[in-house]
Amino acid sequence: MICGKDGLFKLVQPKARRLTDYLNEGKVPFVASAAFNNGVEKYVEIKEDELLDKGNCISVSAIGGFSFYQENGFIGRGGAGSAIKLLYNEYINEKNALFICSILQKTLSKYDYNTMLSGTKLKKEFIYLPVGNDKKPDWKFMEDYSKNIYKQVSKLVFA
């Protein structure tokens with residue numbers, strides 16, 4: 001299971017915020033249900049005493065299941081409708097999260113504007129990941145796999 005009582009991730013939903021709540025441009029990414037640019041709609045100036053959503057997580061779009069690794073703190077689109085969902089696990093890092101994002105996106109792509117992905121629906125979803133002898137996710141394998149892909153792509157791009 002992706003999240004929930006026995007799930008792999010802790011599910012967090014950002015507090016209710018819309019892009020129109022942030023009129024001034026700044027340096028903090030506003031992450032929403034988007035298919036491109038790591039989900040970043042624009043860079044905003046945060047409000048006084050506002051807390052950022054913590055980085056080192058995976059953001060998941062309610063529409064299309066687009067999944068992105070968020071390394072640093074950001075403002076997440078919360079509330080109802082197309083609000084994003086955030087997935088946290090102490091073992092994720094950029095490389096293994098990218099591996100997981102590709103699986104999440106394939107699994108969750110069935111959700112569209114009419115059948116948006118809610119937290120309740122996400123808790124019922126399953127993904128299949130490589131596991132070690134202990135039957136727990138093999139985080140190192142996922143990380144190494146992503147690193148290998150990077151190397152192969154770098155050879156093609158910079159050749």
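The values are calculated or read from the model by the stated rules, or taken from the named source; none is laboratory data. Fair warning: this is a prediction, and the values are worked out from it, not measured in the lab. Note that we place each Cβ from the backbone using ideal geometry, even for glycine, and neighbour counts take in every protein chain shown.
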Exercise. So, in region 48-68, of the ones that are charged (D, E, K, R) and out of contact with any Phe, Trp or Tyr (no Cβ under 8 Å at 6 or more places or on another chain), which residue ends up surrounded by the most Cβ atoms within 10 Å (Cβ to Cβ)?
Worked result: GLU50
Exercise. Which is of a type in the set (S, T, N, Q) and surrounded by fewer than 23 Cβ atoms within 10 Å (Cβ to Cβ), of SER102, SER33?
Worked result: SER102
Problem set entry | Test set (1) over 14 Å from GLY39 (Cβ atoms); (2) out of contact with any Lys or Arg (no Cβ under 8 Å at 6 or more places or on another chain); (3) of a type in the set (A, V, I, L, M, F, W, C); (4) buried (at least 18 other Cβ atoms within 10 Å of the Cβ) - PHE141 fails condition number | (4)
Problem set entry | Odd one out for LEU23 among (1) without any contact (Cβ under 8 Å) to a residue 60 or more places away in the chain; (2) within 23 Å of GLU125 (Cα to Cα) | (2)
For this session: Can you tell me which residue within region 12-25, out of those that are at pLDDT 95 or above and not in a loop (DSSP other than H, G, I, E, B), is surrounded by the most Cβ atoms within 10 Å (Cβ to Cβ)?
Result: VAL12
Exercise. VAL28 passes all but one of (1) in a loop (DSSP other than H, G, I, E, B); (2) over 23 Å from LYS123 (Cα atoms); which number fails?
Worked result: (1)
For this session: May I ask you to list pairs of residues, at least six apart or on different chains, whose Cβ atoms are under 6 Å apart, with the first in region 82-107 being assigned to a loop (DSSP other than H, G, I, E, B) and the second being among the aromatic types (Phe, Trp, Tyr)?
Result: ASN89/PHE9; TYR91/TRP139
Exercise. ASP21 fails exactly one of the following numbered conditions: (1) in contact with a Gly (Cβ under 8 Å, 6 or more places away or on another chain); (2) of a type in the set (D, E, K, R); (3) over 25 Å from LYS147 (Cβ atoms). What is the number of that condition?
Worked result: (1)
